[in-house]
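Colleague: The structure is given below, and queries will be raised subsequently.
The values are calculated or read from the model by the stated rules, or taken from the named source; none is laboratory data. Remember, predicted model here, so these are calculated numbers, not experimental data. Note that we place each Cβ from the backbone using ideal geometry, even for glycine, and neighbour counts take in every protein chain shown. Quick note on the areas: whole protein, heavy atoms, side chains included, nothing else; ligands and nucleic acids left out. Shrake-Rupley method; radii C 1.70, N 1.55, O 1.52, S 1.80 Å.
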Amino acid sequence: MEHASILGISPPPTSRVGLGTWAMGGSQWGGTDDDESVRTIHAALDLGITLIDTAPAYGFGHSEEVVGRALAERGGRGQVVVATKVGLERRGDGVIRNSSRQQVIQELEVSLRRLRTDYVDLYQVHWPDFSTPYEETAQALLDLQRTGKIRAIGVSNFSIEAMERFRRVAPLASAQPPLNLFEREALEDIIPWCRTNGVATLTYGALCRGLLTGTMNEDTRFEGDDLRKTDPKFLPPRYAQYLQAVQRLAQFARERYDKGVLPFAVRWVLDQPGVTVALWGARHPGELEPLRDVMGWRLDDEALTYTDSVVNESVPEPVGPEFMAPPEQRPEESGERPGASV
């Protein structure tokens, strides 16, 4: 397993592939099996993955509970980098952004109980809250870091301007932007900025919600509350275009590297300059088996160029992951103050 360094987290060493646990929360992914999720976490640890990424918003805390159970049953908490998030407050069947000082402090205590631990290795602001000054959120996290309840501070889905303001108050260890073969906007600005400023990156969505597993076709159906029922990539006419791109990439990966499209897609993320960790979502142990095919090789320049051409030719009007963004608070809900947004 390849390893990387994140400011404030050592030991244990951080694996360059981290386990994403959004689907383990159940909601928005058509349900889940907790026992199977626990086995998946144990399988990830057996394969050398040391970073597990979760969040209270994943199943309204259920993902954190599953992670906590898996680690309690396994033991060896000090050998695992636990990354969770803060700043999405539940409202009915949904969430809104709330990164106020009070919310941050209260939410951490709840997360610690769910995770069955007394500290979090990496505590990340899940989405920017434009109704709360970034400086207020950063100060709250800095105060918590000084108590030892969190080891390192990160952000997710933040702009460069927001990160600049944030780190004037608190040390910023990491940023978490989306990145995969089909959603690569972060390569234009966020990841180069992080690389220049010594901020680690935990990129999410390496398999683009399953598109890059190579297991989907035009007959694949999504049930219940699965978010892919509303994801523009999985709706006509784009769905067929993305599937065509996957087929072409799968053929190339097989012929050139004797690899499946899944390890090829994860390797592409890891080989981008400035990427520290690629998060890989799974909820069944078997979904992690291709991990061994990810390590020990790199994509050459010709492969990178060909990959770009396939995506550009197959998907003439690509779309990003914007549909996943949670709603903002309205000013009357949040008590918005001057200077609260950028």
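Colleague: Please enumerate the residues belonging to region 292-321 that are touching a Pro at 6+ places or on another chain (Cβ under 8 Å) and in contact (Cβ under 8 Å) with a residue 40 or more places away in the chain. Explain how you work it out, then say what you get.
Modeller: Filtering region 292-321 for residues touching a Pro at 6+ places or on another chain (Cβ under 8 Å) gives 293-294, 311, 319-321.
Within region 292-321, Val294, Val311, Val319, Gly320, Pro321 meet the criteria.
Colleague: Suppose we filter region 276-302 for residues that are among the β-branched types (Val, Ile, Thr) and open to solvent by 10 Å² or more (accessible area, probe 1.4 Å); how many remain?
Modeller: Adding up the residues that qualify gives 1.
Colleague: While we're on this one: Can you pull out the residues in region 309-342 that are within 23 Å of the chain's Cα centre (by Cα) and at pLDDT 90 or above?
Modeller: Residue satisfying the conditions is Val311 alone.
Colleague: Please give the strands (runs of 3 or more DSSP E) falling wholly within region 57-162 in which 1 or more residues are modelled with pLDDT of 95 or more, of a type in the set (Gly, Ala, Ser) and touching a helix residue (DSSP H, G or I) at 6+ places or on another chain (Cβ under 8 Å).
Modeller: On the way: elements: 81-86, 88-91, 94-97, 120-125, 150-156.
Correct list: 150-156.
Colleague: So, Val169, is that one open to solvent by less than 20 Å² (accessible area, probe 1.4 Å) and β-branched (Val, Ile, Thr) or not?
Modeller: On the way: open to solvent by less than 20 Å² (accessible area, probe 1.4 Å): no; β-branched (Val, Ile, Thr): yes.
Here the answer is no, as Val169 does not meet what is asked.
Colleague: Also: Residues of region 38-55 being under 19 Å from Thr117 (Cα atoms) and either open to solvent by 10 Å² or more (accessible area, probe 1.4 Å) or not in a loop (DSSP other than H, G, I, E, B) (or both), which ones?
Modeller: Val38, Ile41, His42, Leu45, Thr50, Leu51, Ile52, Asp53
Colleague: In region 229-252, how many residues are among the small types (Gly, Ala, Ser) and at pLDDT 95 or above?
Modeller: So the count comes out to 1.
Colleague: If you don't mind, another one. So Gly25 fits all but one of (1) open to solvent by less than 20 Å² (accessible area, probe 1.4 Å); (2) within 14 Å of Trp280 (Cβ to Cβ); (3) within 15 Å of the chain's Cα centre (by Cα); what number is the exception?
Modeller: (2)
Colleague: Take Ser5 and decide whether it is open to solvent by 30 Å² or more (accessible area, probe 1.4 Å), free of Cβ contacts under 8 Å to residues at least 24 places away in the same chain and out of contact with any Pro (no Cβ under 6 Å at 6 or more places or on another chain). Can you show your working first?
Modeller: On the way: open to solvent by 30 Å² or more (accessible area, probe 1.4 Å): yes; free of Cβ contacts under 8 Å to residues at least 24 places away in the same chain: no; out of contact with any Pro (no Cβ under 6 Å at 6 or more places or on another chain): yes.
In short, no.
Colleague: Residues to consider are Pro192, Pro232, Pro178; find the one that is within 20 Å of Ala83 (Cα to Cα) and touching a residue at least 60 places away in the same chain (Cβ under 8 Å). I'd like the intermediate steps shown before the answer.
Modeller: Details: Pro192 fails: within 20 Å of Ala83 (Cα to Cα); Pro232 fails: within 20 Å of Ala83 (Cα to Cα).
Among Pro192, Pro232, Pro178, only Pro178 is within 20 Å of Ala83 (Cα to Cα) and touching a residue at least 60 places away in the same chain (Cβ under 8 Å).
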